[in-house]
Each structure stands twice: as C-alpha cells, then as structure tokens.
C-alpha cells in the first residue's frame, strides 16, 4: 500500500497535464500512487495522460463534466494512501514537496494537514513576480491554532492554498468529502469543517507553482458569473458555523463577540448577529436573516432571546426591511440619478440651441470660414496641436482644446452652476474668529486629544475650538478635558443631551461666520478648513463645503461624498457631518424647524435631515474631491441602518418631508436653486490677511499635476531633502488630473493645493498671490508649468523680494525651455539638470550666472537598494519602463523582442501605460509574442529587482530617472543616445549607448552579447550600481538645491 495518494482532477488541460504529472514523478519521495479523474475533457487531455506508462498512475474518466469536487471525491474513493495530496492539473509540485510534508506529519501526530506557501507562473511556465497580476503572497500566513483560522474564515477570507495540501486520510472519515454543490468555494467549506475538528500547519516555503491563465480561465478568476455564484454559495457555507455546540469553543473562536451566548441554544442567534455586523454584503445578510427567521419559528426561544438580548420579532421585521438583498432602493436611486442627468442634458441642449441661434455664433462661423483661407496659419495651428499631442498625449490635448472652446463662449454659467448675481463681500471683523470648530465629546478621552490637535494644526488660524463635554461618565475623559491647555480652545460642560443637541448647543455658542463639527474620535487634515473656505468665500449661494472621508481603524475605505443633488439625496446621505457650514445657512435651517439638528433623529440620520432641510432653503453644498477628514471606524460599531428601529425612523422622516421625497416638480425647482451661484468678486478678502501657520524658510512649487512620471519622481526626492533641512514645502497644481501620486507627496508635506478642485481658472492667480502674501513665501519655483510662466511677471511686480526660479528637465521643443527663455527677465535662477540644457538656453541669450546645474539624484540607500538580491541565473529578464507614448518608441522595444521570439532563455517585460497601449497590444497579438508580458503601472523598485537589463528606445530624454533607478538596482542599461544618457551610461563599462534612434539591430546585438557572456553582465551590473552611488545619490541633488535656496539674497 503506498504511503501517499496524489489526486489530480483534470479538465481540458492538454497543454499542462504532462508537466503536472512529471512534477509528481520527479518527487524526491517516491512511495506514492497517482489517482487521476478526468472530468469530461473534450480536448486531448486523456490521450496525454495515457502516454505515461508508470503503473502507479490510475486513470478514471467521467463521460460528462460533473465539476471539480465530484472529480476529487472520486479520486479519494479510489485511493488507498495514508496521506492524500490534491493538485490542479495545470500546477507543478516542487521536487521535495511531498517529502517535506510527509516528514512533518510523521513527526507531529497532532496536526491533521500540512500546507505550504505557493509561487505563481504564467501559461508558459514563467514566474509571475508582480503581485498586481496575482497576489500569491496572500497565502503567506503565519501559523495559528484552529480557532483563529475559523475566525478568519468567518470574516470571509480563505488564506489556505488548496493545491499545497497534504492531509491524513483519517480526517476525511470524520469530516466527509468535498461538497459537490459548490463550484467556486468547496475548499473554503472544507477547511471550515476541517478546523472544527483538527489543527493544521503551513510550511513557510513555496512548494507549489500555481498557474495563472490568460483571459480569466482559472476557476478562481474574477468573472461576473463567479461573483454571483460565490454569493449564493457563501450563504450556505456559513451554515457550518451553526455546528458549534459548545460555549467554550464559541468563545475561543469569537473572543470579541459583542453578544456572547449564555447557553448553547443561543449560539445560532449570536452567529447571525455577527454576520450582520460583518457587513460583508448580500451573502452575509441573506445568511443572517434566514437564520433569524428560522430561530423565531420557536416562540419559546424567541421570548428568551428578547429577554436576554433585547432583540424581538419587531427588530427582525426592521432588519428584513433594511437589508435590501434585491437592490430595490439602489435601482430607485439609479433611476433618480438618470432622471436628474436627463434633465441636465435637456437644459444643456436648450442652451446650445440658443447659442447657435445667436448673432455672435453666426458671426463667428463667418469669421472662421475667412480664416480657413489662410492655409499657413491653419498649418501652424495643426502643427502646434500635434506637438501638444506628442508631448502630453491626446487626452491632455482634448482637455486644453475644451478649455479653449469654453473661453470663446464666456457666459454666465460655470459648469452646471448659473451665476445669478455678482457682488463684493464685506470684510469680517478681525477680532472674531472666521471659523468655529465644535467638538462634541462623550467618553472619548482617549481620542479627543488627537481631534483637538488636528484642529489646532489647521493652516488657517482664524478659528476658535469649542469642546463640549456631553456629560461624560468616564473619569479619564473628564480628567483629560479638565486639563486641556491648547490655544484657542475652550471647554464647555453639560449634562448628557445626545450628539444632535450638543452640536446645536455648540452652534449657538459659536462666534464664527462658519461652523464646523468634528467628532471627538476623528481628525481633520491641516488644509481642510482653508480649502473649504476657498470654495465658500467664492460663492454666496453655498451653504456648506465638505471633503471625501478616509476611514481608518476597523475599515480603510473611502467615502466619496457628492455635491448636493435634490434627487440623489432622497435615497441616502451624500454629505459629511464634518462640513464647514455657513452660519447664515444654519440660521435658515433653524428657522424651518426651530432647531438645527433634529434631536428626534439622533443617532440615526440627523445630519442627513439637516442637509435635506438646507436644500429646502435653496442653498447648495459642494464637495472637495480630496480625503481631508480621517473618519474612525470602531470594531463592532453599527451604522445607522443596522440599528433597531431604523425603518420606523426612515418612514417617519419620509412622512414629515413627504413633499420633498415625492414631489418631482419641487425637486426640479430646488435643483435649479442650489445650482445658482452668487459670485463673490473679492473671494479672498477674509483669507488674505488671516492668520496662517508660517515658516521663515518656505518654498512654493507650482506644477501641472502630481502623476506618475520622471519629473514627479525627481520633485518628490527634492522636497524630501529640502524638508529634512528645515524648509516648509507647499505644492500648487494647476491642471485637471487624478493626481494619482498625491499620496506619495502627502507623506512629505500636507500643504498641497489642487486649484481645479476649488476655483475657476480665472481666480488661480488671485489665489496664488494671496497665498504668497499670507504665508511668508520666500521662494517660488515652477516645474514644467505653463501657468507659472504666465504669472511670473505679475509675481515679480507684486513681490519683488521673492526669489523666483524654474526647473528644466530637457531641451526638447516639446519641453519648456522656450518659455524659460521668453520669460527670462522675471526668473532669478534657471535650475537645469544637465550642462547640455545649460548650453541651449545660454545660446538663446540667458546669462550664464543665472543658470545652475543640479543633476538628478535618487534614493540609493532605501528605495533603490538591491541589498542582497541574487539575479536569476537561468533566464535573462529584459525590461521597458515608461510611458507608452510616441517619443518613448515602445514599439521599437517590441521589435527587439520579436528578434528573440524563439529564445526561451530571455523574457521581455513592459511596465507602464499610455496612448500607444492599443498599438502595443495589436503588435503582440499579430506577431504572437509569447515572450512579452505587459505589467501595467508598477513600482519601479519592485520590478527592477527581478530584471537584468533596461532597454530605453526614446527619441527624447533629458536626464532619465529610469536609467538611474535601473542602474542603482543593478540593471545594465541599453539606451539610444539622447539627452544626457551618455553621462549616465558609460559605454561598455556599465551599459551600452546606441548611436541611432530606432537601432533595433544594435540593441539585439548587445542583448545577445550579454546572453552569451553572463559574467560580463554581472560585472557591468555591479559597475552600474557603483557609478550611481558615487555620482547620482539623492544627497548630491539635495546639496545643490540647498545651495540655491539658502544663498539667495
């Protein structure tokens, strides 16, 4: 009898089955049998299996497909080994996998099963190193007892790699086989049943190669049908937890359960309530409500539950009305949104028709026809457009064209907001705070200090902070509040009145033009109040402004709030209780209800009602699309929709506000009112001379955006060094963008302002000038920003003592050196990254003494440090890293890869994205390039650590960061000779420089050289790292900028 039975359920894996079986036959442990059940394959899988003549292989075939679980169960029934291993028919066992696992189970008889970590491979068997493609490290878990595994399983997570399993046969006798009802999660179901009886162990070694198929062909791949099926299966699998019949066992699995069972008969109730609190979607809600309905069939048991847990049949009725398992409310909400959007479309169509019928429009068309005769000017216009497209991409060009067209039709409409009045506002009394921040606190002494400090640290300092102790009973909280010693903070004590009334009391005590409520366990980012004021002070018809919320604690999601909409808000709250509210808006709501926040909705949705009533007064609310509030989520905390009685309160609200919820004509009228704009012509009147946090060494950088790119990488390292040396850093962006790298910069400075999020473009310069005036800005530096050059002259005239500089990264006509030359008289220092750029602008008339050369630098110690990395010995990995744009010539890289299409020792990778992505996909498909893998956006350091050669095919470069990063990570660079590449790559010493752009043959020759001379490759890789360490470490760049910014007079 064999010691081990290795089970392989197979289905349509003709391409992989032989490699799979061979990996078993090659095991160092040889006392095994292989049991294969083919699940009705329609390809040549069975024929491939029959090619093996080893008598240890037993093959069983189903006539038609019955599912993986049925195939596995058939294998178990026909096996006889003491231990059972299960593997997928497209996976591979590492050579000593079985031996190591058998040895472990032989030594420790208390363990029922042993598993391992896994690695990932693609269809061709190449290692998948990027966890963005498949997160194989999800299964890298520390060992723990069965109770902790069960707690993890209950949260919906399966962190065990089924193909790595070796299990004792005796375990199946106790817990049964795999449930054939489940197509998606039979292993999750099995491991829950297993851990109810046995412990397991995970060997922290990668003993299985798990294959990831293209186009989502794995059973575990994410597809719509899979998501639906998993939801149904989950609601059934969770029923395994109902088999817990011991209170002590329950407490070991769920030690922190809010409602502990006092008797075994209450265990199902406690499990159902936990499933509700998990809030993991429809499946958990379906399971929980089903169980509660089953429990309440027993009248005696339901009465006991009401007695001990204060949960009655009426609470069950509430829950069943609140848990919208069939998305009825969501469909209604979407219908309201569609109606709202259709209405806006109709309004815009009317505006367009009106505009086209105007005299101005007809006159302009005649003018354009005349202009079209002048072909030379038209050619110049087209040429300019093409230059922008090549430099910045089609999307950026279209955005600029859109802004240009908007500029031709200046009307009294801003976006969807119609200007109904323009006026100047009065200056606020400087002796009073402009903003009152109100912090209600009830028994939150351990958090309130963080909340207060976040308020005290606001950049805008014309504030008062009112902390209201709402009758706290916790001694530590009372002591904390009695010993507060912060500027601008006062503490008010009162008997407990609840959150809604406490906020109302704070509003009545406030002195500011604006009020802001901050919960005692939350925090605001330093720029929150200031950014809200930028919006509110510019539009007199806005009642409030608020930001997105970043949750933290027991949940790390983002709540993306929305602008006020009289239709959308009918279905759910779309604004934050942390809003900055105009005090006069508060007064208008107060006049409606003789109250601010209605106390009868306290703890449910008092803030939602407040926003509805603000809309009823005709005032709008606008969102700042940035996460400026940190919103704490407590463990086991329930949202309002989970609280008993929620449905009753909601019904009461809809009765009280029936006209608002049901009258579409009224909603239309209110929508028009809240989108009106009262444009304030002096929006910074109360901000310009207000008190701000200031520094004696403060630098303002003006940039287009904060996105993934070489210029942004340099800027990030630059500001890190400057901040370390005592400078306060502020960044202003001026162009529409997702700013997907903002998070990187926020780790260095909180002072980041995306002007498109708060202002019309016509107000940008006013804001920047008021900002400079109020912050003691000593340096203004523009980095590839056309807007910076446009306002440079005004800056010099207004602030003659400020030092103004720019940074130039290349000398291409697609760059900004022409703007630097054009506006040279306003720039005190031109910072360039190479001598080549210096010569170019010097030849254009810029004085030599105004130009400073500072080479780019990178973090070689931490971020780009290969440490003890050992490069792959068998395969050579060649990488392209950058934008898929014309000037980078990524198709040249693919042409090189095509030359090695039949060479299995070289793999090509492309990291990045861009406007040529479709052409790249098409080239790969047409040429059947199986040796090329697209990685998408990647972290350079995590990709470069696994590559050997970086190929750069660009026709335009300045001082390429990609080359520095690659060399620091011990990659050899093969590059076209553009920009300053020959200063970085020393030909034949640490890489190769190709003389001509498009030199496919030359690049191929250099790669082939390294393929045949691996020792030369390793030597050059070491030389590349040393060259960067000695010349381009970030410390040298920081030193250069410090000399410029510290020595100006």
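Has the stretch 950-962 got any residue that is modelled with pLDDT under 95 and in a helix (DSSP H, G or I)?
yes
For every residue, the table says whether it meets (1) within 28 Å of residue 601 (Cα to Cα); (2) touching a helix residue (DSSP H, G or I) at 6+ places or on another chain (Cβ under 7 Å).
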{"position": "424", "(1), (2)": "no, no"}
{"position": "433", "(1), (2)": "no, no"}
{"position": "439", "(1), (2)": "yes, yes"}
{"position": "445", "(1), (2)": "yes, yes"}
{"position": "453", "(1), (2)": "no, no"}
{"position": "461", "(1), (2)": "no, no"}
{"position": "472", "(1), (2)": "yes, yes"}
{"position": "483", "(1), (2)": "no, no"}
{"position": "504", "(1), (2)": "yes, no"}
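With the condition kept exactly as written, say whether any residue in the stretch 633-652 is surrounded by fewer than 21 Cβ atoms within 10 Å (Cβ to Cβ), modelled with pLDDT of 90 or more and more than 30 Å from residue 1043 (Cβ to Cβ).
no
Looking at (1) under 24 Å from residue 830 (Cα atoms); (2) surrounded by fewer than 19 Cβ atoms within 10 Å (Cβ to Cβ); (3) in contact (Cβ under 8 Å) with a residue 12 or more places away in the chain, which is the one condition that is false for residue 797?
(3)
Tally up the residues in the stretch 794-841 that are closer than 16 Å to residue 768 by Cβ and in a helix (DSSP H, G or I), please.
The number of residues fulfilling the criteria is 6.
Go through the stretch 842-862 and give me each residue that's surrounded by 16 or more Cβ atoms within 10 Å (Cβ to Cβ), in a loop (DSSP other than H, G, I, E, B) and within 27 Å of the chain's Cα centre (by Cα).
Once the filter is applied, which keeps residues that are surrounded by 16 or more Cβ atoms within 10 Å (Cβ to Cβ), in a loop (DSSP other than H, G, I, E, B) and within 27 Å of the chain's Cα centre (by Cα), the stretch 842-862 yields 859, 860.
Which one is modelled with the lowest pLDDT among residues in the stretch 686-722 that are part of a strand (DSSP E or B) and under 21 Å from residue 458 (Cβ atoms)?
That would be 692.
Look at residue 43 and say whether it is assigned by TED's automatic domain parsing to the domain that holds residue 199, surrounded by fewer than 19 Cβ atoms within 10 Å (Cβ to Cβ) and either part of a loop (DSSP other than H, G, I, E, B) or at pLDDT below 95 (or both).
Judged against the criteria, residue 43 is a match.
Every residue, every condition in (1) assigned to a strand (DSSP E or B); (2) loosely packed, with under 15 Cβ neighbours inside 10 Å; (3) not assigned by TED's automatic domain parsing to the domain that holds residue 633, yes or no:
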position: 466; (1), (2), (3): yes, no, no
position: 476; (1), (2), (3): no, yes, no
position: 505; (1), (2), (3): no, no, no
position: 508; (1), (2), (3): no, yes, no
position: 535; (1), (2), (3): no, no, no
position: 547; (1), (2), (3): yes, no, no
position: 551; (1), (2), (3): yes, no, no
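Regarding residue 712, is this residue more than 30 Å from residue 954 (Cα to Cα) and not assigned by TED's automatic domain parsing to the domain that holds residue 562?
No, not satisfied.
Looking at (1) out of contact with any helix residue (DSSP H, G or I) (no Cβ under 7 Å at 6 or more places or on another chain); (2) assigned to a helix (DSSP H, G or I); (3) under 21 Å from residue 155 (Cβ atoms), which is the one condition that is false for residue 271?
Tallying (1) out of contact with any helix residue (DSSP H, G or I) (no Cβ under 7 Å at 6 or more places or on another chain); (2) assigned to a helix (DSSP H, G or I); (3) under 21 Å from residue 155 (Cβ atoms), residue 271 fails exactly one: (1).
Does the stretch 997-1049 hold any residues that are closer than 30 Å to residue 805 by Cα, assigned to a loop (DSSP other than H, G, I, E, B) and in contact with a helix residue (DSSP H, G or I) (Cβ under 7 Å, 6 or more places away or on another chain), and which are they?
The answer is 1032, and nothing else.
How about the stretch 723-790: which strands (runs of 3 or more DSSP E) wholly inside it have at least 1 residues that are under 23 Å from the mean Cα position of the chain (by Cα) and in the same structural domain as residue 810 (by TED's automatic domain parsing)?
Hits in the stretch 723-790: 728-733, 752-754.
Looking only at the stretch 608-621, how many residues end up being surrounded by fewer than 22 Cβ atoms within 10 Å (Cβ to Cβ) and within 30 Å of the chain's Cα centre (by Cα)?
1
Quick one: count up the residues across the stretch 553-581 that are assigned to a loop (DSSP other than H, G, I, E, B), modelled with pLDDT of 90 or more and in contact with a strand residue (DSSP E or B) (Cβ under 8 Å, 6 or more places away or on another chain).
Selection size over the stretch 553-581: 10.
Looking at (1) assigned to a loop (DSSP other than H, G, I, E, B); (2) at pLDDT 90 or above, which one does residue 239 not meet, given that it meets all the others?
(1)
Take residues that are assigned by TED's automatic domain parsing to the domain that holds residue 255, out of contact with any helix residue (DSSP H, G or I) (no Cβ under 9 Å at 6 or more places or on another chain) and buried (at least 17 other Cβ atoms within 10 Å of the Cβ) and tell me which of the helices (runs of 4 or more DSSP H) falling wholly in the stretch 93-209 contain 3 or more.
Answer list for the stretch 93-209: none.
With (1) in a helix (DSSP H, G or I); (2) modelled with pLDDT of 95 or more as the list, and residue 973 as the residue in question, which single condition is left unmet?
(1)
If you go through the stretch 867-890 one residue at a time, do you hit one that is assigned to a helix (DSSP H, G or I) and at pLDDT 90 or above?
Yes, because at least one residue in the stretch 867-890 is assigned to a helix (DSSP H, G or I) and at pLDDT 90 or above.
With respect to residue 584, determine if the residue is closer than 16 Å to residue 507 by Cα and either in the same structural domain as residue 515 (by TED's automatic domain parsing) or in contact with a strand residue (DSSP E or B) (Cβ under 7 Å, 6 or more places away or on another chain) (or both).
yes
Across the stretch 46-85, what is the number of residues that are in a loop (DSSP other than H, G, I, E, B), within 47 Å of the chain's Cα centre (by Cα) and closer than 15 Å to residue 4 by Cβ?
So the answer is 0.
Does residue 1012 satisfy the criteria of being surrounded by fewer than 17 Cβ atoms within 10 Å (Cβ to Cβ), touching a strand residue (DSSP E or B) at 6+ places or on another chain (Cβ under 8 Å) and without any contact (Cβ under 8 Å) to a residue 60 or more places away in the chain?
Spelling it out, it is not the case that residue 1012 is surrounded by fewer than 17 Cβ atoms within 10 Å (Cβ to Cβ), touching a strand residue (DSSP E or B) at 6+ places or on another chain (Cβ under 8 Å) and without any contact (Cβ under 8 Å) to a residue 60 or more places away in the chain.
Output the residues belonging to the stretch 757-776 that are within 16 Å of residue 701 (Cα to Cα) and at pLDDT 85 or above.
764, 765, 767, 768, 769, 770, 771, 772
Of everything in the stretch 444-476, what is in contact (Cβ under 8 Å) with a residue 12 or more places away in the chain and over 20 Å from residue 630 (Cβ atoms)? Give them in sequence order.
Hits for the stretch 444-476 are 461, 462, 464, 466, 468, 469, 470, 471, 472, 473, 474, 476.
Could you tell me whether residue 947 is more than 30 Å from residue 840 (Cα to Cα), assigned to a loop (DSSP other than H, G, I, E, B) and in contact (Cβ under 8 Å) with a residue 60 or more places away in the chain?
yes
What are the residues in the stretch 905-930 that are assigned to a loop (DSSP other than H, G, I, E, B) and within 15 Å of residue 948 (Cα to Cα), if any?
Within the stretch 905-930, 905 is the sole residue that qualifies.
Being touching a strand residue (DSSP E or B) at 6+ places or on another chain (Cβ under 6 Å), farther than 16 Å from residue 900 by Cβ and not assigned by TED's automatic domain parsing to the domain that holds residue 725: is that true of residue 1003 here?
no
The values are calculated or read from the model by the stated rules, or taken from the named source; none is laboratory data. These numbers come from a predicted model, not from an experiment. FYI the Cβ positions are ideal-geometry reconstructions off the backbone, even for glycines, and counts take in every protein chain you see.
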